[in-house]
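Below is one structure, written out as structure tokens; comments come after it.
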Amino acid sequence: MANAPREPQPRLRPKLYQRFLDGVPDYLARHYWWAYLWRTGVWFFDHQPVISTILFGQYRKLLDVTLERLDAAPCGETLQLSCVYGMFTPKLARKFAGSPLHITDVAQVQLDQTLGKIPADRHLVATRMNAESLGYADRVFDSVIVFFLLHELPDEARHRVLSEALRILAPSGRLLMVEYAPKPKSHLFYRFAPFRKLLTRLEPFLSSHWEEDYQQRLVGLARPLGRSVREIWRRDLFGAFYRVSEYRID
Ligand SMILES: C[S@@+](CC[C@H](N)C(=O)[O-])C[C@H]1O[C@@H](n2cnc3c(N)ncnc32)[C@H](O)[C@@H]1O
């Protein structure tokens, strides 16, 4: 019997993640659409018990240490580089009673979610931008806060984001990073291979973040900008699984 003529196949059948591209970087849609771009996911993840579970019960501690550190010196004009779930931004906005807090994220759904948590009497300037190429002028912020963004970026994107953070910081600027600490070789979560495999499957760029020497990287990125970088403070948490660190930019 002769073969029946085949139906022509559409050449470009969009994959599920491609429906979320909408101007966001490919890696964000491809690996994290379910967590940051899908409205149901955004609603689900922005609940305290979910956030605490993802951060193994360390969320409050991380928040407290970060906010305490910010209190250690004046913050001046401050940018939070990308949105985060939970109460971090509302708490931060409360700190900046006089001057506005700035926040930038590449996903509108995230900015909407964050703005929905800010009381009407607080001033949050929310702007949609890719942190890899920010629209801000050079040296306009006194503090930049990056909360659990860097480990979610591929190497090249991570380096561009760091370079942009250095560029927009004024002399004596503060770069505060809240992140997974360097590779936690002796931590139970790392040594237990099935757990490590699950975590690095959910977080596909975590392994390269673990390998990154941030001090060295920042110094290298600062040089062509005519800037210098020095780590001035750090605190490891949860058996050095997480780290809050501050760099001074001149
Ligand atoms: C800060 S990170 C991780 C947050 C962390 N899991 C939490 O909620 O505590 C997630 C955010 O980064 C944003 N993001 C990812 N890549 C970005 C980029 N290149 N520029 C700006 N925002 C970005 C995502 O849209 C998302 O809102």
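The values are calculated or read from the model by the stated rules, or taken from the named source; none is laboratory data. None of the values given here were measured: they were computed from a predicted structure. With ideal geometry, Cβ positions are generated from the backbone for all residues, glycine too; neighbour counts draw on all protein chains shown.
A few notes on this one:
- Selected residue (only one of PHE147, PHE241, PHE195 is without any contact (Cβ under 8 Å) to a residue 24 or more places away in the chain and hydrophobic (A, V, I, L, M, F, W, C)): PHE195
- When we screen ARG60, ARG69 for residues that are away from the ligand (no atom under 16 Å from the Cβ), part of a helix (DSSP H, G or I) and modelled with pLDDT of 95 or more, the only hit is ARG69.
- Cβ pairs under 7 Å, 6+ apart, first in the stretch 23-34 and more than 16 Å from ASP155 (Cα to Cα), second within 11 Å of the ligand (Cβ to nearest atom) and outside any helix (DSSP H, G or I): VAL24/VAL106; VAL24/ALA107
- Under the condition of being out of contact with any His (no Cβ under 7 Å at 6 or more places or on another chain) and away from the ligand (no atom under 12 Å from the Cβ), the residues counted in the stretch 119-134 number 6.
- Selection over the stretch 156-186 of residues that are of a type in the set (A, V, I, L, M), surrounded by 22 or more Cβ atoms within 10 Å (Cβ to Cβ) and assigned to a strand (DSSP E or B) gives a count of 4.
- Per-region count, the stretch 21-57, residues within 10 Å of the ligand (Cβ to nearest atom), closer than 22 Å to TYR242 by Cβ and outside any helix (DSSP H, G or I): 2
- Only listed residue being within 14 Å of the ligand (Cβ to nearest atom), more than 30 Å from THR200 (Cα to Cα) and either surrounded by fewer than 19 Cβ atoms within 10 Å (Cβ to Cβ) or free of Cβ contacts under 8 Å to residues at least 24 places away in the same chain (or both), chosen from GLY76, GLY116, GLY98: GLY116
- Boolean, LEU111 is closer than 24 Å to PHE45 by Cα, surrounded by fewer than 17 Cβ atoms within 10 Å (Cβ to Cβ) and over 13 Å from the mean Cα position of the chain (by Cα): no
- Among the residues of the stretch 79-89, the one identified as part of a loop (DSSP other than H, G, I, E, B), aliphatic (A, V, I, L, M) and crowded, with 22+ Cβ neighbours inside 10 Å is VAL84.
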